[in-house]
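Before any comments, here is the structure.
Bear in mind these aren't lab numbers, they're just calculated from the coordinates by the rules spelled out. This is a predicted model, so every value here is computed, not measured. Ideal geometry is used to build each Cβ from the backbone, glycine not excepted, and the neighbour counts take in all protein chains shown.
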Amino acid sequence: MNMKHTCTGLPLEVRYVHLFNIDDFSVPKAAVWNNKDCIKSRCTVDGYDWEIRFYPAHHTFATTRYLVALELAFAGEASRRRRVTATLTGRLVDYQSCCLRPIEGARTASQAFKGPSDTTLLVYIGSGRDHAHSLKTPRSLTVECTLGVVRDPKATLCPPPSDLHRHLAELRRSQAGADVTFDVSGESFAAHKNILAARSPVFMAEFFGAMAERNAHRVEVQDMDPAAFEAMLCFIYTDMLPNEVDKQQAEAGTVMLQHLLVAADRYGLDRLKVICEERLSLGIDIETAASTLALAERHNCLGLKADCVEFIARRSAKNLDAVMETEGYKQLEAISPSVLTELLKAANGRKRKSSDSN
């Protein structure tokens, strides 16, 4: 069997013409094949992989005919947002000596493909009958297959997802062009003043204002957790929290988020501050409720504060009793006594509701 093909391109369609040349075809030989037996040929058209399948004898039980059929299978992957539309057209070219007859009319199938399991409907292009079994000598058969891949004119206007965050993360990791180093509790972190200033009004004032560090290449940061500072730098460059924050265990993760919220508030990173508030609200438990409440009070996180008060005082008396035994509650008493008054009011409100319902 020989195969030939040509490929032509049109503005909105890429067309591929493939010829199946079968030198030893005969109806008796094809008749022993079942409906799943086929001859396959692969090609790449417009950047996508395809498989054209030729069925020499696709049986139909309603008649005594043996149908010659084609099928197109998608062998690649389309875009998540767009399918790939393709059309398969087939016809018998050299068939007179094979006791086959072409099927009249347009023999075409069209399909919008997305996954490698997608196929067109069978395209029946010819038929042979049982009386043709008397022709024992194999003859030559040529089948022409035309594959047209429709180009989406909008596809060229759909750019890939932004990978700016990856490039900036690599810039921070490599330290290429870094012009400032931060010393944080014995650890050093290199960074780029321009990027920091573009993201933080505090860094803008620090490096390009009248502050002392304007021309400094080394800055000491006091009263800051080193891991939280590094996570904050990661967010400044990528607008995402580092994976390490999500991988930490519950209590350790809460402590990290608490430190990170402090850093965000200190450097005017409002989006990071809101993200930390949201994460902390989802992780409130007996051990962390009081310390998180004290943090919310100090840094004016009203939503986080309300969630802590709800958990401690309004849900159940057991929660309040348990939280009062924690180290965080003792610190809350020392640094934010005004919050205790709010907790008592909330607890009394819960008791009144419980009494009214009874």
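Please give the contour-minus-distance gain from ILE335 to ALA112: 0.36 nm per residue of separation, less the Cα-Cα distance, rounded to one decimal in nm.
On the way: separation 223, 0.36 × 223 = 80.28 nm, distance 6.53 nm.
Net length gain for the segment: 73.8 nm.
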Stretched fully, the stretch from ARG173 through LYS40 gains (0.36 nm per residue minus C-alpha distance, one decimal, in nm) 43.0 nm
For region 184-290, averaging the sequence separation of alpha carbon pairs under 8 Å that lie six or more residues apart and dividing by its residue count, the contact order in percent is 24 percent
FRET efficiency (ARG101, ARG166; Cβ distance; R0 45 Å; to 0.05) is 0.15
In this structure, the FRET efficiency calculated for ALA205 and ASN300 from their beta-carbon separation, with R0 = 25 Å, to the nearest 0.05, is 0.75
The ³J(HN,Hα) series, computed from each phi in region 276-283 with the Karplus coefficients 6.51, -1.76 and 1.60 at θ = phi - 60°, rounded to the nearest Hz and given as x for glycine or proline, is 5, 4, 4, 5, 5, 4, 6, x
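When you count, for each residue, the other Cβ atoms within 10 Å and take the mean per peptide, how do 237-245, 199-207 rank with the highest first?
Numbers: 237-245: 16.0, 199-207: 18.7.
Descending mean neighbour count gives 199-207, 237-245.
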Quick calc: nm separation of the 7 Å Cα→Cβ label points for GLU77 and LYS345 -> 5.6 nm
Distance in nm between GLU327 and GLU278 label points, each 7 Å along Cα→Cβ, equals 3.1 nm
Residue span GLU287 to VAL221: 0.36 nm per residue of separation minus Cα-Cα distance leaves a gain in nm of 20.8 nm
For the THR85, ARG314 Cβ pair and Förster radius 45 Å, calculated FRET efficiency rounded to 0.05 is 0.20
Karplus-derived 3J(HN,Hα) from phi for region 163-169 (6.51 cos²θ - 1.76 cosθ + 1.60, θ = phi - 60°), whole Hz, x at Gly and Pro, runs 10, 4, 4, 5, 5, 5, 5
